[in-house]
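Asks: The following block contains the structure, expressed as structure tokens.
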Amino acid sequence: MTLLFRHLKDFMWPPVEGDDHLSAARRRLLIIMSVGVLIAGNVSNFLAFEDVMKRNTAISTFILIAPFLFFIPPLILRRKGSSTTATAHLFLVLFTFAGILAAYTGGGFFSLGTFYLAAVPPIAVLAIGLRAGLSYLAGVMVLYGCFYFLRDSLAPYDNNVLPEVFLYWNFVGLSIIVMGITLSTLVYHHGMAAATNSLTQSRQEADSGSRAKTEFLANMSHEIRTPLNGVLGMAQALQSRQLGSEERAMVDTIQDSGNTLLAILNDVLDLSKIEAGRTLLSPSDENLHTIFQRTHELFMPLAREKGLKLVLKVHPDVPQWVHVDAIRIRQCVSNLVSNAVKFTEKGGVSVKVLAKPMKGRANGHFVTVSVTDTGIGIEEEKLASLFQAFAQADASISRRFGGTGLGLTVARNLSQQMGGDISVESTPRVGSRFVFTFVAAPAEQKHVTETDRTGASTKGRIDGVRVLVVDDQAVNRKVAQIFLQEAGAIVTEAENGREALDMLEQDEVDIMLLDVHMPVMDGIETIKRLRSGSLASKALPVIALTADAMSGAANRLFAVGMDGYLSKPVDRVEMVRSIRRVLGTRRAAAKMRKSA
């Protein structure tokens, strides 16, 4: 008995295949409805057997056989690879035909067949979908119209039947319809609930996997950037020394290789953030002209080495101070210029910057940066895949020129986050033209030149500035010491936050460079104690040093009281510039307080 019940359950309630609970619910619905019609039809024929046999022999035979036709859909659905939609249509056609037959042979418009037809559209919605349900609803309405207008030609209802019997069968018919639709809805709802739970679980697993991936990449970023800071830092330090031509070429190779590794790392991290749906922008007031000029200066040596002309033209209408993310703009422009120089052997690269005021945005501008080269060009059929992750126009390109194929994917996403886009026009063996657009909001406050803010007339110098460098890695402290001493600073060191706070109780410094991840006491705890303890009155400027590039570090660090932010590996020029900027801002604020 138990075995029989198990087989019956397996037949009526097929298992879920491929975690597709919705499809399984539809299969179960059709099987249950088919078996229900099979049983109900045979019971009805048994109770009305005498009435059935009074009819034409062919019709009587078909009426008796018709319920068994509904055994066909379950048999089809039990086969692997069967189409649920096609089987659902077969069931609905059989059910509709049964309703038409009942109406044609027993009462016309007022027969039980019209009640049965009312169940067709809702079952179609559950078993196939809304569009199919509407189509079947239209068909049933047409049939109802035909029954009504042809009512005189259809077999009349047997007037010898008592009204009580007539009402009884109407009640039975309506009850069957209501129970059938209710049962179908319950089965479908059960499948929807299971599908929802499955999707929720899958999303939770995906989120957990994404978090694990993010944490892994953050840790790997930190572990890679820390030694890379030592490699690139020492290479930069050597570049400022008196070296022979051969030694300088070796140092340049170390520097270029380290920068290439850093660019690949940054692309992978940015792509991970993009896949996670995170916004990568941290806008602030920036000098737009300076951004383009520095990018131009960055690639001039490489262009000159290849014998190429690299021309920058910034239209006078381009605003100077705007509220944008300078790092991301520089990243997008650098990617386009780098590719243009990389893939151009003869001729040159032209960078043109235009801007026009935007309507509806007070003083905002829509900036267009076009990068045109005379390089190898790109085949038209390859342009569509150019912005896909890991894609390059030709597989041989990565072998010949290098690159991961991530740069354009990241750059385009960044441009779209900035309200613009990146497009391309290219002709093979003639050249390419990439157009990068973005929205530049107006600067939030008035600005003066950097020299006026810092009060220093010597560019790149911080003579006499007392700097406390706090980092648990001796290599990182050594790199910072070399950079700062070359710029004229007086450097002291500490290995962790607790040691730094003890030193500040006794010694005076002008600014502190504070690593975020350290043993004993990390940078976050150090800055909190510095801003709230006995040293709070000093209002010491602090610039964060961190190899964390995955956790939105900048905003988090500013929120806890940092005045600046430097990502490892640290650039020598950027380190000195950040110190000058932070000190200049503090001095300007102090002047304003005195004048007030």
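The values are calculated or read from the model by the stated rules, or taken from the named source; none is laboratory data. Note that this is a predicted model, so its numbers are computed, not measured. Virtual Cβ from ideal backbone geometry, glycine too; neighbours counted across all protein chains shown. The area values use the complete protein model at the heavy-atom level, side chains included, leaving out ligands, DNA and RNA. Shrake-Rupley method; radii C 1.70, N 1.55, O 1.52, S 1.80 Å.
Asks: Mind checking which residues of segment 64-97 are touching a Ser or Thr at 6+ places or on another chain (Cβ under 6 Å) and among the hydroxyl-bearing types (Ser, Thr, Tyr)?
Replies: 84
Asks: Are any residues in segment 2-19 at pLDDT 70 or above and open to solvent by less than 70 Å² (accessible area, probe 1.4 Å), and if so, which ones?
Replies: Within segment 2-19, 12, 14, 16 meet the criteria.
Asks: Sticking with this one: Pull up segment 381-405, narrow it to residues that are assigned to a helix (DSSP H, G or I) and either modelled with pLDDT under 50 or hydroxyl-bearing (Ser, Thr, Tyr) (or both), then point me to the one that is surrounded by the most Cβ atoms within 10 Å (Cβ to Cβ).
Replies: 397
Asks: So, restricting to helices (runs of 4 or more DSSP H) that lie completely within segment 28-84, which ones have at least 3 residues that are open to solvent by less than 40 Å² (accessible area, probe 1.4 Å)?
Replies: 57-69, 72-77
Asks: List, please: which pairs have Cβ atoms under 7 Å, are six or more places apart or on different chains, and start with a residue in segment 319-341 that is in contact (Cβ under 8 Å) with a residue 60 or more places away in the chain and end with one that is of a type in the set (Ser, Thr, Tyr) and in a helix (DSSP H, G or I)?
Replies: Going by the 7 Å Cβ cut-off, the qualifying pairs are 332/415; 333/295.
A quick yes/no check of all residues on (1) out of contact with any strand residue (DSSP E or B) (no Cβ under 8 Å at 6 or more places or on another chain); (2) at pLDDT 90 or above; (3) in a helix (DSSP H, G or I):
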position: 550; (1), (2), (3): yes, no, no
position: 556; (1), (2), (3): yes, no, yes
position: 562; (1), (2), (3): no, yes, no
position: 565; (1), (2), (3): no, no, no
position: 570; (1), (2), (3): no, no, no
position: 573; (1), (2), (3): yes, no, yes
position: 580; (1), (2), (3): yes, yes, yes
position: 587; (1), (2), (3): yes, no, yes
position: 592; (1), (2), (3): yes, no, yes
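Asks: Just checking, how many residues over segment 181-205 are surrounded by 12 or more Cβ atoms within 10 Å (Cβ to Cβ) and more than 30 Å from residue 124 (Cβ to Cβ)?
Replies: Total satisfying the criteria: 0.
Asks: Which one is nearest to residue 364 (Cα to Cα), of the residues in segment 406-422 that are modelled with pLDDT of 90 or more and of a type in the set (A, V, I, L, M, F, W, C)?
Replies: Ranking the candidates gives 418 first.
Asks: Give all pairs with beta carbons closer than 9 Å in which a residue from segment 48-64 that is on the phi > 0 side of the Ramachandran plot meets a residue that is loosely packed, with under 14 Cβ neighbours inside 10 Å and among the polar types (S, T, N, Q); count only pairs at least 6 apart in sequence or on separate chains.
Replies: Here the result reads none, with nothing in segment 48-64 linked to a residue that is loosely packed, with under 14 Cβ neighbours inside 10 Å and among the polar types (S, T, N, Q).
Asks: A further question on this structure: Kindly indicate whether any position in segment 95-114 is surrounded by 15 or more Cβ atoms within 10 Å (Cβ to Cβ), modelled with pLDDT of 85 or more and over 24 Å from residue 49 (Cα atoms).
Replies: The answer is no; no qualifying residue exists.
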